[in-house]
1. Which whole-Hz ³J(HN,Hα) couplings does the range 46-54 yield from phi under the Karplus relation 6.51 cos²θ - 1.76 cosθ + 1.60, θ = phi - 60°, glycine and proline marked x?
2. Under a 5 Å amide H to amide H cut-off, with H placed in plane at 1.01 Å, what residues pair with VAL147 once short-range neighbours are removed?
3. What FRET efficiency, computed as 1/(1 + (r/R0)^6) with R0 = 25 Å and r the Cβ-Cβ distance, is obtained for THR89 and LEU153, rounded to the nearest 0.05?
4. Could you give the nm distance between label points at LEU39 and LEU107, where each point is 7 Å from its Cα heading toward the beta carbon?
5. Just want the ordering: PHE108, PHE21, from fewest to most Cβ atoms lying within 10 Å of their own Cβ.
6. Just flag the GluC sites (Glu not before Pro) in the range 46-109 sitting in loop per DSSP whose Cβ has no more than 12 other Cβ atoms within 10 Å.
7. Connecting C-alpha atoms closer than 10 Å in a GNM of the chain, tell me which of ARG113, ARG45, ARG146 has the biggest fluctuation.
8. Put +1 on the Cβ of every Lys and Arg and -1 on every Asp and Glu Cβ in the chain; which of ALA119, ALA94, ALA22 then has its Cα farthest towards the positive end of the dipole?
Amino acid sequence: MRGVDKVGRCERGAALAVAIFALAVIGLLVAASFPGGLLEQQSGRNTLLIIQAAEAAEAELENTLVTLPADQVRALVAGGASLDLGQSTPAAGAVVNRRVSRLTDNLFLIESRGMRVDADGTPLATRKLGLLATLAPDSLADSVLRVLQRAWLQLY
């Protein structure tokens, strides 16, 4: 007789049951790895968005330092209201707000808040940076210069 062992048990379909069980276990293992992979992908995307926001903020700090009129900076009051330089869009999907505050007689803080936005303008990531600057002496055309040591700040 086919499918019956020496003791008389019927073993027909045992291989099929083992194969289905093995496929179910493999399927569960694959399904269990998807949330971890999705989390890893989202973490990488968020890191990219944060870096883009920080780069936009840093680029606008440099641009502000070069284009900032010294007479407007000189008119600021120490500890008073800051000068709002408005909003700029240095790249597609990036928006940067800038302002300058006078901290002491010859020390200024240039703030740059970079945002990575989606097509609707909703912020996806934000970074805020600061740069300490001083007014150069009259012999250097009265321009705004960064502090030589430790000028960059990470603002929160």
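1. 5, 4, 4, 5, 5, 5, 5, 5, 5
2. Sorted by chain and number, the residues that satisfy this are LEU132, ALA133, THR134.
3. Values: r = 23 Å, r/R0 = 0.93.
Approximately 0.60, to the nearest 0.05.
4. Distance between label points: 4.4 nm.
5. Numbers: PHE108 24, PHE21 10.
With the sparsest Cβ surroundings first, the list reads PHE21, PHE108.
6. Details: sites: GLU55, GLU58, GLU60, GLU62; in loops: none.
Here no loop site has a sparse enough neighbourhood.
7. Among ARG113, ARG45, ARG146, the largest mean-square fluctuation in the Gaussian network model of the chain belongs to ARG45.
8. Comparing the listed Cα positions along the dipole, ALA22 ranks first.
Read-outs: derived from the displayed coordinates by stated rules, not from any lab. Being a predicted model, the structure only gives us computed values, none of them experimental. No Cβ is skipped: glycine too gets one built from the backbone with ideal geometry, and neighbour counts run over all protein chains shown.
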